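*Asks:* If you scroll down you'll find the structure; I have some questions about it.
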Amino acid sequence: MAYLIKGVSVLGGAPADLVIRDGVLAEAGPADEVIDAAGLVALPGLVDLHTHLREPGREDAETVQTGSRAAAAGGYTAVCAMANTSPVADTAGVVEQVWRLGREAGLVDVQPIGAVTVGLGGRQLAELGAMATSAARVRIFSDDGHCVADPRLMRRALEYVKAFDGIIAQHAEEPRLTEGAQMHEGEMSTRLGLTGWPAVAEEAIIARDVLLAEHVGSRLHICHVSTAGSVELLRQAKARGVRVTAEVTPHHLLLTDDLAASYDPVYKVNPPLRTRADVRALRQALIDGVIDVVATDHAPHAVEDKECEWAYARPGMVGLETALPVVLGVLSDLSPDHRWELIAERMSRAPARIAGLAEHGGRLVPGAPATFTLVDPAARRVVDPAEMVSRSRNTPFAGTTLPGRVVATFLRGEPTVLDGKAVR
Ligand SMILES: [Zn+2]
């Protein structure tokens with residue numbers, strides 16, 4: 001099928017036509033189907049560095065298929081699947097299984113992340129080399145959900161992946177400082193009488209790991225940065241030339257710890273929602289590049305794991321279908337040109353570069369893969385969990401009005417979303 005996307009604004013620029021033929025963008029020519037894209041903005045397909053697809057093991061919360069549909073609906077064309085499945089993705093066999101399921105679903109490119117340690121146990125390095133040379137060609141390794149807390153193991157992991165320019169993605173949480181933690185440690189946790197998760201538990205690990213990465217000369221990525229202090233550590237490390245990259249989630253760019261006062265477990269997440277000052281620092285870091293990437297940390301949970309008492313609820317929020325609208329809102333003070341350019345960089349190009357996904361995050365020019373998403377920036381939508389494509393509904397944005405709507409997504413010339421609906 002050849003498509004003509006008529007009058008679309010690429011990254012907020014002047015309206016132009018895009019032609020898709022044989023999976024790539026073409027100069028011009030006949031089309032089988034015309035899509036009127038007046039008022040729509042084209043972005044390179046979004047790339048998520050941090051998605052929990054829950055398969056194998058918790059298919060009641062999400063599968064590779066349902067998570068892929070949710071991703072496409074959110075404008076994504078590639079997602080990196082975290083390793084904390086059951087069994088854990090710590091062998092070539094499991095990462096290849098996830099990779100194959102992604103290919104079968106065919107809606108986004110699913111790039112498995114491998115575990116750093118066997119069973120996420122933090123004791124013994126997993127088969128990093130075997131995962132790297134498997135069909136899944138794993139390049140990023142993470143024990144996400146758990147911190148690689150042992151400094152000697154972290155050093156060895158960094159040394160191991162250096163040989164093939166791999167990356168260790170750290171969930172920065174010093175476990176001895178967060179035992180029993182229920183929310184951010186601060187005024188609000190004192191008032192509510194809940195055990196706090198102090199900012200220093202994140203910052204201590206980031207400080208240690210940038211030093212280790214600098215010492216070894218390896219690539220380090222910091223997952224879901226949540227504090228102003230972490231931003232300062234990253235700023236200093238980057239200024240020194242340490243090979244470190246970092247991500248922030250949409251929820252940490254918008255929500256604050258006072259929401260815990262509702263005791264609604266939908267706001268329970270790890271790392272926890274922080275303060276207004278942290279949110280301000282994270283937004284500034286996203287704009288000035290100290291934070292490279294917006295990543296969703298899409299964490300679907302079954303109803304029984306989320307609709308219970310705060311203390312027993314699992315941490316995490318779904319995010320794939322709301323990430324772009326949240327970021328659009330967060331960056332609403334920027335000029336349109338700056339805003340679209342920043343979104344393309346932080347939500348597509350930078351994550352594609354970090355993950356080594358050469359077919360993603362490219363410029364939308366003739367000859368390039370037709371892998372992009374069309375967004376209606378004028379639309380406003382009230383988030384309704386019942387309309388979500390994900391198998392889980394644990395969104396903190398239910399009832400919130402957010403700007404922007406994904407109208408269509410194309411992966412190598414094939415539509416995965418049309419008229420705002422997943423095609424399969
Ligand atoms: Zn994490």
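The values are calculated or read from the model by the stated rules, or taken from the named source; none is laboratory data. The model shown is predicted, which means the values in this text are computed figures rather than measured ones. Here Cβ is always computed from backbone atoms with ideal geometry, including for glycine, and neighbour counts include all displayed protein chains.
*Asks:* With (1) touching a residue at least 60 places away in the same chain (Cβ under 8 Å); (2) under 27 Å from Leu53 (Cα atoms); (3) in a helix (DSSP H, G or I); (4) among the hydrophobic types (A, V, I, L, M, F, W, C) as the list, and Met154 as the residue in question, which single condition is left unmet?
*Replies:* Here Met154 meets the rest and fails (1).
*Asks:* Keeping to the range 277-310, report how many residues are touching a residue at least 60 places away in the same chain (Cβ under 8 Å), within 20 Å of Thr395 (Cβ to Cβ) and assigned to a helix (DSSP H, G or I).
*Replies:* Of all residues in the range 277-310, those touching a residue at least 60 places away in the same chain (Cβ under 8 Å) come to 278, 285-286, 291-293, 295-303, 305-306, 310.
Of the ones still in play, those that are also within 20 Å of Thr395 (Cβ to Cβ) are 295-303, 305-306, 310.
Pick out the ones that are also assigned to a helix (DSSP H, G or I) and you get 303, 305-306, 310.
Total meeting the criteria: 4.
*Asks:* Can you spot a residue in the range 376-387 that is among the hydrophobic types (A, V, I, L, M, F, W, C) and crowded, with 21+ Cβ neighbours inside 10 Å?
*Replies:* Going through the range 376-387, the residues among the hydrophobic types (A, V, I, L, M, F, W, C) turn out to be 378-379, 382-383, 386.
With the extra rule that they be crowded, with 21+ Cβ neighbours inside 10 Å, the set shrinks to none.
Checking the range 376-387: not a single residue is among the hydrophobic types (A, V, I, L, M, F, W, C) and crowded, with 21+ Cβ neighbours inside 10 Å.
*Asks:* Between Ser348, Ser332, which is of a type outside the set (Val, Ile, Thr) and touching a Gly at 6+ places or on another chain (Cβ under 6 Å)?
*Replies:* Numbers: Ser332 fails: touching a Gly at 6+ places or on another chain (Cβ under 6 Å).
Being of a type outside the set (Val, Ile, Thr) and touching a Gly at 6+ places or on another chain (Cβ under 6 Å) holds for just one of Ser348, Ser332, which is Ser348.
*Asks:* Look at Gln111 and say whether it is in a helix (DSSP H, G or I) and among the polar types (S, T, N, Q). Explain how you work it out, then say what you get.
*Replies:* Details: in a helix (DSSP H, G or I): no; among the polar types (S, T, N, Q): yes.
The answer is no for Gln111.
*Asks:* I need a count of the residues in the range 118-148 that are crowded, with 16+ Cβ neighbours inside 10 Å and in a loop (DSSP other than H, G, I, E, B).
*Replies:* Number of matching residues: 14.
*Asks:* Please go through the range 73-108 and give me each residue that is under 13 Å from the mean Cα position of the chain (by Cα) and either assigned to a loop (DSSP other than H, G, I, E, B) or within 24 Å of Leu418 (Cα to Cα) (or both), ordered by number. Walk me through it before giving the result.
*Replies:* At the first step, the residues of the range 73-108 found to be under 13 Å from the mean Cα position of the chain (by Cα) are 74-82.
Answer for the range 73-108, where residues must be under 13 Å from the mean Cα position of the chain (by Cα) and either assigned to a loop (DSSP other than H, G, I, E, B) or within 24 Å of Leu418 (Cα to Cα) (or both): Gly74, Gly75, Tyr76, Thr77, Ala78, Val79, Cys80, Met82.
*Asks:* Mind checking which pairs have a first residue in the range 375-404 that is under 21 Å from Leu253 (Cβ atoms) and a second that is part of a loop (DSSP other than H, G, I, E, B) and modelled with pLDDT under 95, Cβ under 6 Å, 6 or more apart or different chains?
*Replies:* Once the first residue is under 21 Å from Leu253 (Cβ atoms) and sits in the range 375-404, no partner that is part of a loop (DSSP other than H, G, I, E, B) and modelled with pLDDT under 95 comes close enough.
*Asks:* Enumerate the strands (runs of 3 or more DSSP E) found wholly within the range 28-69, keeping only those where 3 or more residues are in contact with a strand residue (DSSP E or B) (Cβ under 7 Å, 6 or more places away or on another chain) and within 23 Å of Ala323 (Cβ to Cβ).
*Replies:* On the way: elements: 33-36, 41-44, 46-51.
Ranges flagged: 41-44, 46-51.
*Asks:* If only one of Ala130, Ala135, Ala149, Ala81 is within 16 Å of the ligand (Cβ to nearest atom), over 30 Å from Ala42 (Cα atoms) and modelled with pLDDT of 95 or more, which one is it?
*Replies:* Working: Ala130 fails: within 16 Å of the ligand (Cβ to nearest atom); Ala135 fails: within 16 Å of the ligand (Cβ to nearest atom); Ala81 fails: over 30 Å from Ala42 (Cα atoms).
One residue alone meets the criteria, Ala149.
*Asks:* Let me ask another. Given the condition surrounded by fewer than 24 Cβ atoms within 10 Å (Cβ to Cβ), closer than 18 Å to Val406 by Cβ and aliphatic (A, V, I, L, M), answer yes or no: does some residue in the range 75-86 qualify?
*Replies:* No, there is no match, as no residue in the range 75-86 is surrounded by fewer than 24 Cβ atoms within 10 Å (Cβ to Cβ), closer than 18 Å to Val406 by Cβ and aliphatic (A, V, I, L, M).
*Asks:* A further question on this structure: Considering each residue of the range 273-308, count those that are on the phi > 0 side of the Ramachandran plot and either among the hydrophobic types (A, V, I, L, M, F, W, C) or touching a Ser or Thr at 6+ places or on another chain (Cβ under 9 Å) (or both), and give that number.
*Replies:* Residues of the range 273-308 on the phi > 0 side of the Ramachandran plot: 289, 297.
Retained after the next criterion (residues that are either among the hydrophobic types (A, V, I, L, M, F, W, C) or touching a Ser or Thr at 6+ places or on another chain (Cβ under 9 Å) (or both)): 297.
So the count comes out to 1.
*Asks:* Can you tell me which residue among Arg191, Arg243, Arg219 is of a type in the set (D, E, K, R), in contact with a Lys or Arg (Cβ under 8 Å, 6 or more places away or on another chain), surrounded by fewer than 21 Cβ atoms within 10 Å (Cβ to Cβ) and over 24 Å from Gly319 (Cβ atoms)?
*Replies:* Numbers: Arg191 fails: in contact with a Lys or Arg (Cβ under 8 Å, 6 or more places away or on another chain); Arg219 fails: surrounded by fewer than 21 Cβ atoms within 10 Å (Cβ to Cβ).
Testing whether each residue is of a type in the set (D, E, K, R), in contact with a Lys or Arg (Cβ under 8 Å, 6 or more places away or on another chain), surrounded by fewer than 21 Cβ atoms within 10 Å (Cβ to Cβ) and over 24 Å from Gly319 (Cβ atoms) leaves just Arg243.
*Asks:* Give me the helices (runs of 4 or more DSSP H) completely within the range 160-275, filtered to those with at least 3 residues that are within 16 Å of the ligand (Cβ to nearest atom), ordered by residue number.
*Replies:* Values: elements: 187-192, 199-216, 228-240, 250-254.
Because the criterion is at least 3 residues that are within 16 Å of the ligand (Cβ to nearest atom), the helices (runs of 4 or more DSSP H) in the range 160-275 that meet it are 199-216, 250-254.
*Asks:* Please work out which one of (1) under 21 Å from His301 (Cβ atoms); (2) surrounded by fewer than 24 Cβ atoms within 10 Å (Cβ to Cβ); (3) of a type outside the set (Lys, Arg) is the condition Leu53 fails and give its number.
*Replies:* Unmet condition: (2).
*Asks:* Select, from Phe372, Phe397, the only residue that is modelled with pLDDT of 95 or more, over 30 Å from Arg243 (Cβ atoms) and of a type in the set (Phe, Trp, Tyr).
*Replies:* Working: Phe372 fails: over 30 Å from Arg243 (Cβ atoms).
The match here is Phe397.
*Asks:* Right, Ala38: free of Cβ contacts under 8 Å to residues at least 12 places away in the same chain and either of a type in the set (Val, Ile, Thr) or surrounded by fewer than 24 Cβ atoms within 10 Å (Cβ to Cβ) (or both) or not?
*Replies:* On the way: free of Cβ contacts under 8 Å to residues at least 12 places away in the same chain: no; either of a type in the set (Val, Ile, Thr) or surrounded by fewer than 24 Cβ atoms within 10 Å (Cβ to Cβ) (or both): yes.
So Ala38 fails the test.
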